[in-house]
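Below: one structure, written as structure tokens.
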Amino acid sequence: MTNQPEVQINRGLRDVYFERTQSSFIDGREGKLLYRGYNIHELAESSTFEETTFLLLHGKLPTKVELARFEEQLKQDRKLPPEVLRVIEITKSAHPMDVLRTAVSALSAFDPDARDKSEEAVLRKGIRLSSQVPTIVAAHHAIRHGKRPVPPSTTLGHAANFLYMFKGTEPTQRAARLMDKDFVLHAEHGSNASSFTARVVVGTDADFHGSITAAIAALAGPSHGGAAEGVMKMALEIGAADKAHDYVKNLLAGGGRVMGFGHRVYRAEDPRARHLRDDVKALSEEMGEPRWYQILEAVVDAMKPYARRGIHVNVDFYAGAIYYLLGIPEDLFVPIFAIGRVPGWTLQVVEQQRNNILIRPRMLYTGPMDVPYVPIDQRQA
Ligand code: CMC
């Protein structure tokens, strides 16, 4: 038996720092999140998706002129090539995340900067993709219901345009603002699983669309972006606030996890959650459906004993209820997370490329050693 080295195994790369970043700062104990140094609370209340995207990609808040130019650029980039609409048509019966992943991959064939890996080109591709991802999600939703996709607006803001393409009518200011805030809250989050995936792919010098396609695949899982879908399914199953305690007790007793709770980094409440909680409360009362907020709060109450172990609500806990109240079906919840996250992924790709290195950790082998090869006709059944 060859001697194996004494190594420390950090399963799941828990608490491992692998790079420096200027993208975002997370203090998991305090429940603090900064994008490019700016507090998420101020951005959630005062910024827009467009302004936050500019901040993430350029490292500073835009002037009025810069913001107007940037908003215009985002509006101009919204259309999809007809070939990509055909790809969506062919794959329309798949989960919207599978369709999104496939369509983003297909877009690489039509991107004017496809072969250009310069930082300027990557930024252009990231801005273009930020515009195109909402169009993919809305177009697929129309196509799978046998409808023609609503062409993107050339005047509405990013969030309002998404709701417009999704519903076919212009959203209220309130609905557009809620969506916009949701996109700001999801825009960037350090080396989360999908952004790390994007870095791993681009670490091999692979291209931008490949890294975002892989990031979308990583986001889809219920431990990451898929949790919002799970939260609303859980709320629907619970049905009434007085049933929440028993539901949670049974779920945990069976070894299940309460979706929308827990986080690898936060030991305090996820700072993004509070903004969406206030919105769910206001929206559900306004719409005469206060039970959704009441059910969620009853789940929070049932999970109180776990707060001592650092398990609190995360951003996904309230996000699903907002989408549900806005009339958005559950399987679009993760794609909506993806719409918000494109700028963050782009920034991570740009940072990785600037000082690129192959990301290639090691695993400690624990299998048998030097096993003699037995020819197939001499092997025992
Ligand atoms: N419900 C019940 N118990 C939980 C939960 C939960 N949601 N989350 C963690 N725990 C327990 C877990 O069972 C473990 O207990 P024990 O030590 O007795 O085995 C302990 O807390 C530590 O859990 P862990 O699996 O080591 O923590 P992790 O850092 O690997 O997992 C997580 C983080 C997000 C995958 C996990 O908390 C989870 O599965 N949560 C539910 C899914 C969810 O809401 N995901 C969205 C994350 S936020 C959005 C995003 O940025 O992606």
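Give all pairs with beta carbons closer than 8 Å in which a residue from segment 10-37 that is without any contact (Cβ under 8 Å) to a residue 12 or more places away in the chain meets a residue that is assigned to a helix (DSSP H, G or I) and within 16 Å of the ligand (Cβ to nearest atom); count only pairs at least 6 apart in sequence or on separate chains. Matching pairs, first to second residue: 34/40.
Selection of segment 322-338 for residues being among the small types (Gly, Ala, Ser) and either part of a helix (DSSP H, G or I) or modelled with pLDDT of 95 or more (or both) yields only 338.
Results for (1) under 21 Å from residue 68 (Cα atoms); (2) modelled with pLDDT under 95, shown as yes or no for each residue.
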{"residue": "129", "(1), (2)": "yes, no"}
{"residue": "138", "(1), (2)": "no, no"}
{"residue": "141", "(1), (2)": "no, no"}
{"residue": "145", "(1), (2)": "no, no"}
{"residue": "153", "(1), (2)": "yes, no"}
{"residue": "161", "(1), (2)": "yes, no"}
{"residue": "172", "(1), (2)": "no, yes"}
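When restricted to residues that are surrounded by 19 or more Cβ atoms within 10 Å (Cβ to Cβ) and outside any loop (DSSP other than H, G, I, E, B), segment 99-116 contains 8.
I'm trying to understand the selection: among the residues of segment 309-335, which are more than 11 Å from the ligand (Cβ to nearest atom) and over 13 Å from the mean Cα position of the chain (by Cα)? Residues satisfying the conditions are 318, 321, 322, 323, 324, 325, 326, 327, 328, 329, 330, 331. Give me the pairs: first residue in segment 109-122 and among the basic types (Lys, Arg), second residue in a loop (DSSP other than H, G, I, E, B), beta-carbon distance under 9 Å, and six or more apart or on different chains, which are they? So the pair list comes out as 115/207; 117/205; 117/207. Of the listed requirements (1) surrounded by 14 or more Cβ atoms within 10 Å (Cβ to Cβ); (2) closer than 21 Å to residue 219 by Cα; (3) more than 20 Å from the chain's Cα centre (by Cα), residue 57 misses just one: (3).
In summary, helices (runs of 4 or more DSSP H) completely within segment 207-285 and bearing 3 or more residues that are among the small types (Gly, Ala, Ser) and over 30 Å from residue 356 (Cα atoms) occur at 227-238.
State the number of residues belonging to segment 220-249 that are farther than 25 Å from residue 290 by Cβ and more than 8 Å from the ligand (Cβ to nearest atom). Matching residues across segment 220-249 total 2.
Of the residues making up segment 61-75, those that are hydrophobic (A, V, I, L, M, F, W, C) and in contact (Cβ under 8 Å) with a residue 12 or more places away in the chain are 61, 67, 70, 74. The residues of segment 318-377 that are among the basic types (Lys, Arg), out of contact with any His (no Cβ under 6 Å at 6 or more places or on another chain) and under 20 Å from residue 210 (Cβ atoms), listed by number, are 354, 360. Selection of segment 54-98 for residues being over 17 Å from residue 125 (Cβ atoms) and acidic (Asp, Glu) yields 66, 71, 72, 83, 89, 98.
Look at residue 98 and say whether it is within 21 Å of the chain's Cα centre (by Cα) and among the charged types (D, E, K, R). The answer is yes for residue 98. Within segment 340-381, the set of residues being farther than 14 Å from residue 197 by Cα, β-branched (Val, Ile, Thr) and not in a loop (DSSP other than H, G, I, E, B) comprises 376 only. Could you tell me whether segment 349-358 includes any residue that is touching a residue at least 12 places away in the same chain (Cβ under 8 Å), assigned by TED's automatic domain parsing to the domain that holds residue 122, within 15 Å of the ligand (Cβ to nearest atom) and in contact with a Ser or Thr (Cβ under 6 Å, 6 or more places away or on another chain)? Looking for residues that are touching a residue at least 12 places away in the same chain (Cβ under 8 Å), assigned by TED's automatic domain parsing to the domain that holds residue 122, within 15 Å of the ligand (Cβ to nearest atom) and in contact with a Ser or Thr (Cβ under 6 Å, 6 or more places away or on another chain), one finds none in segment 349-358, hence no. The condition (being more than 26 Å from residue 225 (Cβ to Cβ), in the same structural domain as residue 145 (by TED's automatic domain parsing) and surrounded by 15 or more Cβ atoms within 10 Å (Cβ to Cβ)) is satisfied by just one residue among 121, 68: 121.
The values are calculated or read from the model by the stated rules, or taken from the named source; none is laboratory data. Predicted model, so just to flag it, every value in this text is computed and none were measured. Methodologically, a virtual Cβ is constructed for each residue, glycine included, from the backbone with ideal geometry; neighbour enumeration extends over all protein chains shown.
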